[in-house]
Amino acid sequence: MLRPPVSFQARAMCIGLCCAALACMAPPGPKGVLPFLASPAGLGVAALALMALGTSIEELGRIRRIRAGVGLCIVAAALIAAGALWGAALPALKPSLAWFAWLLYGAGATGVALALRRDIAVFRDPRHGQSVRLESISADAVRLIANGAPVTIPAAQIRGVSLGAGLEGRGVFVLVGSRDKVIGDARALPWVAAHRDGDTFLLTEHQAAIDAEVLAVRLHEAAAASGGDYR
């Protein structure tokens, strides 16, 4: 199965291929920065800038910024498509150059389309594509889906929560009193540390579709209401 090129480097490479193709479609005439930007390639450059900005905003965290970031990446993909339409409307290229340009564009656009599919899904639900997804929080339990299977953590087993961040972004560190009390495959959770009082895993904003600060409060309230040994 093809995986969407969601890393910055992969996205930049795919848009760069499209930019090179769109540059080949630029009409003949004076060469320079302004004529270049006023050609189909200019839309490719704008798309690259928007993708870089969107990726940076998404990495800052908070659900509103995550959606804003992927939204800019969606606009970037639209500019790549608009550039192709513009290029197709210009006077026909020499057959040998046209073949090369559209082949180059197709290679880059395939990656852009795969990333676009991911971005649209994440815009709708930030939990899309995550191996761990938060389903609900209550005074009884925290219910998750991990690797496609349900995992339930009794709220009474939550010993503490704290804001944190990892390679996957901002989130909440959740201290669980005993893995043995977890219902389901506890090994599927992203454990990051073991303590005398229990084990800790990180639940990110993407996985929870909730701002880290709000998530921490909701977990705290659930643990406190459960009557467990919350600290």
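In region 177-227, which residues are among the β-branched types (Val, Ile, Thr), over 17 Å from His128 (Cα atoms) and open to solvent by less than 60 Å² (accessible area, probe 1.4 Å)? Val182, Thr200, listed by residue number.
Taking the conditions exactly as written (more than 26 Å from Glu59 (Cα to Cα) and in a helix (DSSP H, G or I)), does Arg187 satisfy them or not? The answer is yes for Arg187. In region 82-99, of all residues being among the small types (Gly, Ala, Ser) and open to solvent by less than 50 Å² (accessible area, probe 1.4 Å), the one that is modelled with the highest pLDDT corresponds to Ala82. Of all residues in region 114-128, those being loosely packed, with under 15 Cβ neighbours inside 10 Å and in contact (Cβ under 8 Å) with a residue 24 or more places away in the chain number 2.
Residues in region 46-62 that are more than 11 Å from the chain's Cα centre (by Cα) and either over 15 Å from Phe8 (Cα atoms) or open to solvent by less than 40 Å² (accessible area, probe 1.4 Å) (or both): Ala46, Ala47, Met51, Ala52, Arg62.
Every condition in (1) assigned to a helix (DSSP H, G or I); (2) over 24 Å from Gly61 (Cα atoms) is met by Ala194 except one, and the failing one is (1). Listed conditions (1) within 28 Å of Val6 (Cβ to Cβ); (2) open to solvent by less than 70 Å² (accessible area, probe 1.4 Å) are all met by Asn147, apart from (2).
The values are calculated or read from the model by the stated rules, or taken from the named source; none is laboratory data. These numbers come from a predicted model, not from an experiment. Positions of Cβ are generated from backbone atoms using ideal geometry, with glycine treated the same way; all protein chains shown enter the neighbour counts. Just the protein is used for accessible areas: all its heavy atoms, side chains included, with ligands, DNA and RNA removed. Shrake-Rupley method; radii C 1.70, N 1.55, O 1.52, S 1.80 Å.
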